[in-house]
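Rule-based calculations on the coordinates, nothing more; no lab input. Fair warning: this is a prediction, and the values are worked out from it, not measured in the lab. Positions of Cβ are generated from backbone atoms using ideal geometry, with glycine treated the same way; all protein chains shown enter the neighbour counts.
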Amino acid sequence: MISILKRLFGALIYVILKHISLRFLLPKKYIHFIEVLRTESLVLQGARIGKGSIVRDNVFIIYPKNLIIGKNVTIGSYSKIFNYEKVIIEDEAELGPGLHIQTNDHIWSDISMPLGKQGSKYEQIKIGYGVFLGANVTILQGCIVDKLCVVAAGSVVTKNLKTGFLYGGIPAKEIQQIKNSKI
């Protein structure tokens, strides 16, 4: 009973704070407080979120209990996470605004049946350590974005991405390797 009440309280707090973005009106410390409350309300609903992680305003998450976020992660405004299966986001990831994560897909193997009547399949998505996703990136079911990848704005990830590369396009393709640099 307490668990259900805790989740309902978390959902109520999230709904109230989901749309609040006073970034340009209030001092930074108040904005940070609202973002921390919004993030903690997801924890009350069953999400596992590491220290220093922030969920910005207007982020839609269908099942908080299927969300695992590491430390120091930022999820940009207006992102949508359709996590019917687990979504794992490792430490230090920066996810731009308008991100779309989709862990499900329709089964469409029988031409004699309507698409909506054939059911769905679900696969988890993993976003690795230090990944940077630009604005409006879409990640489709079953994909692994390995650590230290950069995905250009507007890209659609349809397959696994290797460590240390810049990807872009629809579907996302390898553009160039990110090299180590000494400053």
Mind telling me which of VAL137, VAL151, VAL36 comes out most flexible in a GNM of the chain, alpha-carbon contacts under 10 Å? VAL36
When a footprinting reagent is the concern and you count Cβ atoms within 10 Å, what order do SER120, SER155, SER77 take, fewest first? SER120, SER77, SER155
Run lengths n ≥ 4 of DSSP H only: what is the helix-derived mean residue ellipticity at 222 nm for the chain, with -39500 (n - 2.57) per run over all residues, to the nearest 500? -6000 deg cm²/dmol
Rounded to whole Å, give me the distance from the Cα center of segment 124-183 to that of segment 55-110. 15 Å
May I ask you to derive the relative contact order of segment 1-146, considering only C-alpha pairs under 8 Å and at least 6 residues apart, and to give it as an integer percent? 17 percent
By how many nm would the segment from ASN104 to LYS51 grow when fully extended, if each residue of separation counts as 0.36 nm and the alpha-carbon distance is taken off? 16.2 nm
Taking other Cβ within 10 Å of each residue's Cβ, how do ASP105, ASP91 sort, fewest first? ASP105, ASP91
Mind checking the full-extension length gain between TYR122 and THR158? Use 0.36 nm per residue of separation minus the Cα-Cα distance, one decimal, nm. 11.5 nm
A student applying the Cα gyration tensor rule (rounded when a/c is under 1.5; otherwise prolate if a/b is larger than b/c, oblate if not) would label segment 52-119 prolate
Pairs from LYS80/LYS173; LYS80/LYS162; LYS6/LYS29; LYS117/LYS162; LYS6/LYS86; LYS65/LYS179 whose Cα-Cα separation, in the structure shown, is over 30 Å: LYS117/LYS162; LYS65/LYS179
